[in-house]
Structure formats: C-alpha cells, structure tokens
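Nothing in this text is a laboratory measurement; each read-out follows from the coordinates by a stated rule. Not measured: the values here are computed from a predicted model. Cβ coordinates were reconstructed from backbone atoms using ideal geometry, including for glycine residues, and neighbour counts include every protein chain displayed.
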Amino acid sequence: MNDQDAGLRARLVQVGVDLVAQEGTQALTLREIARRAGVSHGAPRRYFPTHRELLSAIAGEGFTDLARKITEEAGDHRADPRDRLTALGRSYLDFARNHRGMFELMFRHDLLESNQFGLRETSLPLFRFLVDLVARALPGAGADPAVVAGALWANLHGMAQLWRWGSLQLATGYDDIEPLLQAALDAHLGPADR
C-alpha cells in the first residue's frame, strides 16, 4: 500500500470515528463514510472489502483510546490494586459516558470482525490487565481472577448502559455513579478496608 492509499484508508477510518461520535453506530454506512471522506461510494471497498472490516477498524481506534485512558489512570504499578481498579472502573464508565457511539460499536460483535485490524490484540490485553489487578486485589486464594474480572467487567458495562439510559439514576435516586462503582468493587472483591 502506497502513502496515498494509506492516507485514504486512514481518512476513511477517521471519518468513521467522527461520524460514530456525532451520530452513533446507526450512521456508519459505507455510503455516508465515503460521502464525508469525499470519495465515491465504492472507494471504501478498495481498502475494506466488507462493511464489517471498516467498522472493525473504526472500533479498533476506540479500543486504542480506551487502553490509553485506562493506562494513564490505572497504570501506576506502585498504587494499591484496589485503587487501580477504582481508577480503571472510573475510566471505563467515563469513556462510556463521553464516547457513547464508540462505546456501543466496540462491543457489538454482531457488527465486527473481532479477529480483524488488531481488535483482539487491543481488547484482550485490556481484559488481562483487569484480571491481573483483580488477582492482586483479591483477599486470599480460591476465586478464579478471570471469572471475577469477567463478572466485574459485566457489572461495569451494565452500569454504563443503565446509567446512559437513565435507569440507574431513576431506580437508585443517585445522580453520581461513584457509590455504585464502589458497591460493585465491594461485591466482587469484598469490602475495602476503610
């Protein structure tokens, strides 16, 4: 691929990133991405033979951004694992709130090719990072850190979705998600020493 091709490919992905941020997942059609990139509606097929491949490349940008944010917030290896998990949870929930369309796209495996464009290489290390922190934070042995991490991730993801829809605020009466994050950590790791 020459520089011009690489530039157009990158532009198509960036247009998709911008489009999903502005209008959500439903706006990510090949025609609309091509139109906004200023190319013919068939041009994206040259670089992305299927719509799923283009969506996967766009989602890959979201995973890269999320990984960067989590590393910035929870990457301090000197900090307590529980504090790092709290920072990770906040980063995840903030990302979901601030990047709604991208957050939805990233986990829509019905729309993506998870083995394309480095999605697994970006998303699976995030989960392994979570598993490692859970293993360090679990009191004693016994529970499988991967299972606890999976349950915690599902809990965080559900919180993000329900908060987005206004359901948690309505049901709990809280306008701050922090107490819910702390309750999720307590439920999965045991109460924190306060």
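Averaging sequence separations of C-alpha pairs under 8 Å and six or more residues apart, then dividing by the length of segment 56-189, give the relative contact order as a whole percent.
Reported as a whole number, the value is 30 percent.
From the convex hull of the Cα coordinates of segment 1-49, what is the mean projected area in square nanometres?
3.1
Using only the Cα atoms, what convex hull volume per residue in Å³ does the chain have?
Per-residue hull volume (Cα only) is 129 Å³.
Which ³J(HN,Hα) values in Hz, rounded to whole numbers, follow from the phi angles of segment 99-106 under the Karplus curve 6.51 cos²θ - 1.76 cosθ + 1.60, where θ = phi - 60° and Gly and Pro get x?
Working through the residues one at a time gives 9, 4, x, 5, 4, 5, 4, 4 Hz.
Hand me the GluC sites (Glu not before Pro) from segment 53-124 located in a DSSP loop with no more than 14 other Cβ atoms within 10 Å, in residue order please.
Passing sites in segment 53-124 do not exist.
Using only alpha carbon pairs under 8 Å that are at least six residues apart, calculate the relative contact order of segment 1-49 and give it in whole percent.
Details: 28 pairs, mean separation 15.6, N = 49.
Worked out over segment 1-49, it gives 32 percent.
For segment 71-81, in order, what is each residue's ³J(HN,Hα) by Karplus, 6.51 cos²θ - 1.76 cosθ + 1.60 with θ = phi - 60°, in whole Hz (x at glycine and Pro)?
Each residue of segment 71-81 in turn: 4, 4, 8, 10, x, 5, 5, 7, 6, 4, x Hz.
Please identify, among Ala184, Ala96, Ala143, the residue showing maximal mean-square fluctuation in a Gaussian network model of the chain using a 10 angstrom Cα cutoff.
Ala143
For q = 0.13, 0.15, 0.18, 0.24 Å⁻¹, what log10 I(q)/I(0) does segment 18-131 give under the Debye formula with an equal point scatterer on each alpha carbon and no solvent?
Log-scaled intensity ratios, in q order: -0.54, -0.68, -0.90, -1.33.
To the nearest Å, what is the center-to-center distance of segment 33-108 and segment 142-194, using C-alpha atoms only?
Taking the Cα centre of each part, segment 33-108 and segment 142-194 sit 21 Å apart.
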